[in-house]
Amino acid sequence: MATPEERSEHLPILQARLRATLSASEEIAFLRMLWALNALQTGRADSASRFLGAYPPEAATEGILGPHAIYPWELETLANELLTTAKGCYQMFNSRNWNSIGSLINSLRAVENAEYGVRRSNLNFLIEMGRIGARQFPWQRGYFGIPQLYRNAFIYGQGECAAYLHQTARITLVDLTLVGFSLFAVFLSEPAIRPASDMALLDELGINVETRDRALSRISRPITDLRRETSILRDIDTITAYKPSILRQFPCMRVGHRYRHLIAPLPELIMDRVTNGLFYDVIGGGGPVRQEIGRRFETYSLALLRKMLSGTRFLPESKYRTRHGTVATPDILMHDGDGNIHLAIECKASRMSVTARFGEAPEEDRGYEEIAKGVMQLWRFFTHCRQQVAPQRLAEDVQGMILTMDEWFAGRSTVIPLIIARANELADANAHDIPMVDRRSVAFCTISEMEEVLSTATPASLEDAVRIGSGDKAGWIFSALHGETLAEKTAPKKYPFLEALDELLPWYARISELEDRRST
């Protein structure tokens, strides 16, 4: 096994080899190759084969497993690295040749492995697992589904967020998501399009040219601009695999004469951009927008729990008086038939920064401070209930949960003890005097996991999952913990906001109607 010194010596050679290949690549052909490789391994081999030479039949799959797997997160890294590499005089890399492609992928993997090897002695392996999860789990989960579409439209598409988007971009969320969805649909079968002629469906759906172009300006950039912006974005001292991706904000690139064509190497990221990525369009609104996002996340979470566990009483936050002033209860309280609280949930809508997602010391991100504060707030509420300062009554086995909008905990078991330690510091310094007896273990869950769990949960199975997630398995994927529970579960339930989606995004129903008319 190579020593750190040997890996350090080999790394510049491996990096130079990768850069040389990228430098010898014709950009459009390379981006088309990335699209074709993604299509080849997501069940679209017929479309992919038009842009690839002979390839092993086993390489055509509908998932990311197999002896010839090329992972989508690797393709995303290559797209970004291409944009930061100076072009050479000769474009000799054959983007259609399977052997050349294999050498390219192996070159990238060699660089990533060597970079990790150089830093390995200074890295906590468990923290590295969290970084790997942050890179891979979203791709494995997928970027398009009704819950993602509705949830993000509900949170980012109304109130202060909607007003800010219209003020700054002169577009509505309804139109932005419609253009994004239409692009996604078109790019599933073609790597490059000309919007002026290939998006005629938008006319039938009421999107004029001006609105279309405003939407495109939010999710695309000329490739010359992207080269410059990507170089700035990725100019940080970290492993190549964990550098930020320009495709998260601009999944489409304008190319060709007068930039009249669009190319999208990874179409799934278009849907990520018009769901989770709506954050980019509204965050400039400052405090009022952030407060609106927090309120709407709480409202969505409460409505989801009420719909999916309809026989159980869930109440929102309320206020009560203490000798230190007015205090709020946790955001969501789950009651039994006698009015006792069995589960208290604190919601946190903060987005993960690059530091939290991919940093070598993620616990230093201020978002974890907010989560620790949420734990302390749960403990404070338990104290006030026990002391009869708060009007609510606790069940003897009451539990607490932190519910987040972003993926703060996937593969990050090491950060949970740090959160609890910080929560204890906050509790020690709190004027409300929080005794140790009330500092109960707390479970941690993301909203995407909660949506999955509630599809089969009963009140008993949810409580059991919280109990497991509050113990030695704190920070584990919550939906997996729910699978371990012995409590009875239900048959899969439908997502409860399908009809509401048609009201929030009317184009979704209109597209179905157009498809029905064309098929008859």
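The values are calculated or read from the model by the stated rules, or taken from the named source; none is laboratory data. Treat the numbers as computed from the prediction; the structure is a model and nothing was measured. Note that each Cβ is placed from the backbone with ideal geometry, even for glycine, and that neighbours are counted across all protein chains shown. Accessible surface is based on the protein model in full, side chains and every heavy atom, while ligands, DNA and RNA are left aside. Shrake-Rupley method; radii C 1.70, N 1.55, O 1.52, S 1.80 Å.
For the stretch 364-376, putting each phi into the Karplus relation 6.51 cos²θ - 1.76 cosθ + 1.60 with θ = phi - 60° gives couplings of 7, 5, 5, x, 5, 5, 5, 5, 4, 4, x, 4, 4 Hz, in residue order, rounded to whole numbers and with x for Gly and Pro.
Please list 3J(HN,Hα) in residue order for the stretch 410-416, calculated via the Karplus relation 6.51 cos²θ - 1.76 cosθ + 1.60 where θ = phi - 60°; whole Hz, with x for glycine and proline. Each residue's phi maps through the Karplus curve to give 4, x, 10, 4, 5, 7, 4 Hz. In terms of its alpha-carbon gyration tensor, the stretch 213-293 comes out oblate; a/c meets the 1.5 threshold, while b/c is at least as large as a/b. Close amide H partners of G400, meaning residues 5 or more places away or on another chain with modelled amide H under 5 Å apart, are A344, A443. Scanning residues 5 or more positions from R313 or on other chains, those with amide H under 5 Å from its amide H are H335, with H placed 1.01 Å from N in the peptide plane.
When only the Cβ of Lys, Arg, Asp and Glu is charged (+1, +1, -1, -1), the dipole of the stretch 11-158 relative to its Cα centre reaches about 180 debye.
Only beta bridges with both residues in the chain are counted; by DSSP, about 50 percent of them are antiparallel. Quick check on the stretch 3-107: take the gyration tensor over C-alpha atoms, sort the square-rooted eigenvalues as a ≥ b ≥ c, and tell me if it's rounded (a/c under 1.5), prolate or oblate. Oblate shape, in that a/c is at least 1.5 and b/c is the bigger or equal ratio. Taking Lys and Arg as +1 and Asp and Glu as -1, the other residues whose beta-carbon sits under 9 Å from that of A487 total -2. The gain in end-to-end length when the N94 to D225 segment is fully stretched comes to 44.6 nm, 0.36 nm per residue minus the alpha carbon separation. Per atom type, the chain shows carbon and sulfur on 51% of its accessible surface, probed at 1.4 Å.
Does a label point 7 Å from the Cα of Q388, set along Cα-to-beta-carbon, have any residues of the stretch 317-339 with amide nitrogen under 19 Å, and which are they? Once the point is set 7 Å along Cα→Cβ of Q388, 320-324, 339 turn out to lie under 19 Å by backbone N, inside the stretch 317-339. Amide hydrogen proximity for T458: with H placed 1.01 Å from N in the peptide plane, the residues at 5 or more positions away or on another chain lying under 5 Å are T490. Rounded if a/c is under 1.5, else prolate if a/b is larger than b/c, else oblate: which is the stretch 86-216, with a ≥ b ≥ c the root eigenvalues of its Cα gyration tensor? It is oblate, given that a/c is not under 1.5 and a/b is not larger than b/c. In order along the stretch 398-409, the Karplus-derived 3J(HN,Hα) couplings, from 6.51 cos²θ - 1.76 cosθ + 1.60 at θ = phi - 60°, round to 4, 10, x, 9, 9, 10, 10, 7, 9, 8, 6, 10 Hz, and Gly and Pro are given as x. Descending by average beta-carbon neighbour count within 10 Å, the peptides 253-266, 401-414, 33-46, 301-314 line up as 401-414, 33-46, 253-266, 301-314, the highest first. Taking volume of the Cα convex hull per residue in Å³ as calculated from this structure, the corresponding entry among (i) 175; (ii) 149; (iii) 218 is (i). Modelled label positions at L201 and L486, each set 7 Å beyond Cα in the direction of Cβ, lie 5.0 nm from each other. Around the Cα centre of the chain, unit charges on the Cβ atoms of Lys, Arg, Asp and Glu (plus for the first two, minus for the last two) sum to a dipole of about 840 debye.
Applying 0.36 nm per residue to the separation of A429 and S353 and subtracting their alpha-carbon distance, the gain on full extension is 24.6 nm. Considering only alpha-carbon pairs that sit under 8 angstrom and 6 or more positions apart, the relative contact order computed for the chain is 13 percent. Excluding ligands, DNA and RNA, the accessible surface per residue across the chain is 45 Å² with a 1.4 Å probe. Summing charges over all other residues whose Cβ lies under 12 Å from the Cβ of L188, with Lys and Arg as +1 and Asp and Glu as -1, gives -2. One chain, two ends: R120 and I13. Fully extended at 0.36 nm per residue, the span grows by 36.6 nm beyond their Cα-Cα distance. Structure note, pairs K307/K373; K473/K494; K373/K473; K87/K243: Cα-Cα distances above 26 angstrom occur for K307/K373; K473/K494.
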